[in-house]
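Coordinate-derived values only; no laboratory data. Quick caveat: nothing in here was measured; it's all calculated off a predicted structure. Positions of Cβ are generated from backbone atoms using ideal geometry, with glycine treated the same way; all protein chains shown enter the neighbour counts.
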Amino acid sequence: MNQKFRFNRVLLKISGEALKGAQDHGYDAEAVRKVVRQVKKIMDQGVEVALVVGAGNIWRGVMGRSGGMDRVNADYMGMLATVMNALCLRDFFTAAGIPAVVQSAIKMEPIASGINRDAAVKALESGQIFAGGTGSPFFTTDTTAVLRALETDCDAVLKATKVDGVYTADPVKDPSAQRFAELSFDEALARQLKVMDSTAFSMCRDNDLPIIVFNFGEEGSFERILAGDTSAGTIVS
């Protein structure tokens with residue numbers, strides 16, 4: 001066990017929106033660099049970090065479906081967008097001295113290799129980015145994050161959000177909402193709290209994989225949550 005942090009290997013799930021900064025969509029170079037800086041700081045201290053990124057800065061399948069698109073095609077478009085985000089991150093990680101590797105659940109040679117567990121675990125010594133969702137429609141990138149975390153023996157899934165944990169209600173809409181420092185899986189289910197989508201959450205519960213929800217935009221929060229500071233986020237276990 002890392003002497004400073006409670007985990008040796010984690011799966012970080014970030015939204016595509018984290019890459020767009022103040023832009024309406026696409027990429028903001030400084031926003032991407034901020035993500036890389038925060039991850040690099042943790043990796044430099046000996047924690048292995050795998051990464052799954054969403055696609056909301058480019059495409060949301062729900063948007064296509066609401067406009068009348070076929071659900072399967074809309075979801076595949078979202079998976080392709082995650083590959084674009086992963087390639088963007090890889091270039092910025094490489095520029096920062098981290099030789100990150102991208103693996104895609106959708107065949108994308110020559111720009112990304114296919115999912116290979118042994119190669120992914122080995123790549124965690126430097127940096128591993130998973131893309132292409134699960135490779136199947138009807139699953140979110142939350143489910144992808146949990147699946148890849150389990151496959152690579154991660155100690156926890158860290159879900160990066162815009163708020164510092166799980167609340168009784170949306171704290172943006174309800175100022176009286178109360179934050180949880182820790183939750184059991186059963187309590188989160190009983191309260192119908194939106195920690196992750198139900199498939200991802202069930203996989204974590206069934207495999208005893210902790211979920212930590214925290215505000216990735218807050219400077220130092222990543223490091224604090226790994227050190228066990230429950231004021232920086234909510235631990236569901």
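Among Pro171, Pro210, Pro110, determine the one that fluctuates most according to a GNM of the chain built with springs between C-alpha atoms less than 10 Å apart.
In this elastic network of the chain, the residue with the biggest mean-square fluctuation among Pro171, Pro210, Pro110 is Pro110.
List the residues whose amide H sits under 5 Å from the amide H of Gly133, counting only those 5 or more places along or on another chain, with H placed 1.01 Å from N in the peptide plane.
Under 5 Å from the amide H of Gly133: Ala105.
Obtain the nm distance between the two label points defined at Asp208 and Glu182 by a simple spin-label model: each point lies 7 Å from its Cα along the Cα-to-C-beta direction.
Going from the Asp208 label point to the Glu182 one covers 1.6 nm.
Enter the per residue convex hull volume of segment 147-217, computed from alpha-carbon coordinates, in Å³ rounded to the nearest integer.
So the per-residue hull volume is 92 Å³.
Once you mark the GluC sites (Glu not before Pro) that are in a DSSP loop and have at most 16 other Cβ atoms within 10 Å, what is the longest gap between them in the chain?
1-124
Considering just Cα atoms, how many Å³ per residue does the convex hull of segment 6-63 enclose?
Normalising the Cα hull of segment 6-63 by residue number yields 79 Å³.
Given H placed 1.01 Å from N in the peptide plane, which residues other than close sequence neighbours of Val166 have an amide H under 5 Å from its amide H?
Phe180, Thr234
What is the Rg over Rh value, at two decimals, for segment 31-161, using alpha-carbon atoms and the Kirkwood definition of Rh?
0.97
Can you list which of the DSSP-assigned H helices in the chain have a Cα extent of 30 Å or more along the long axis and an average Kyte-Doolittle score of at least 0.0?
Passing helices, by number: 71-95.
Express in nm, to one decimal, how much length is gained between Phe138 and Arg71 on full extension, taking 0.36 nm for each residue of separation and deducting their alpha carbon distance.
Numbers: separation 67, 0.36 × 67 = 24.12 nm, distance 0.79 nm.
Length gained between Phe138 and Arg71: 23.3 nm.
Springs between alpha-carbon pairs under 10 angstrom, Gaussian network model over the chain: which of Lys40, Lys162, Lys20 fluctuates most?
In the Gaussian network model the winner is Lys162.
Karplus couplings for segment 7-19 from phi (6.51 cos²θ - 1.76 cosθ + 1.60, θ = phi - 60°), rounded to Hz, Gly and Pro as x?
The phi angles translate into 10, 9, 9, 9, 10, 9, 9, 10, 7, x, 4, 5, 8 Hz.
For segment 4-118, what relative contact order do you get, as a whole percent, if you take Cα pairs closer than 8 Å and at least 6 residues apart? The partial results should precede the final answer.
On the way: 140 pairs, mean separation 25.8, N = 115.
Computed value for segment 4-118: 22 percent relative contact order.
Take every Cα-Cα pair in segment 103-237 and report what % of them are more than 21 Å apart.
Details: 4199 of 9045 pairs.
Considering segment 103-237, 46 percent of its Cα-Cα pairs are separated by more than 21 Å.
All other residues with a Cβ under 11 Å from the Cβ of Arg65 taken together, and with Lys, Arg as +1 and Asp, Glu as -1, what is their net charge?
0
For segment 91-157, with only Lys/Arg (+1) and Asp/Glu (-1) charged at the beta-carbon, what is the dipole magnitude about the Cα centre, in debye rounded to 20?
That gives segment 91-157 a dipole magnitude of about 160 debye.
Given the chain, what percent of its DSSP beta bridges are antiparallel, to the nearest 5?
In the chain, DSSP labels about 20 percent of beta bridges as antiparallel.
Taking the Cα centre of segment 145-237 as origin, sum charge times position over the Cβ atoms of Lys and Arg (+1) and Asp and Glu (-1), and report the length of that vector in debye to the nearest 20.
In debye, rounded to 20, segment 145-237 gives about 320.
For the chain, what does -39500 (n - 2.57) per DSSP helix run (n ≥ 4), summed and divided by total residues, give at 222 nm, in deg cm²/dmol to the nearest 500?
-10500 deg cm²/dmol
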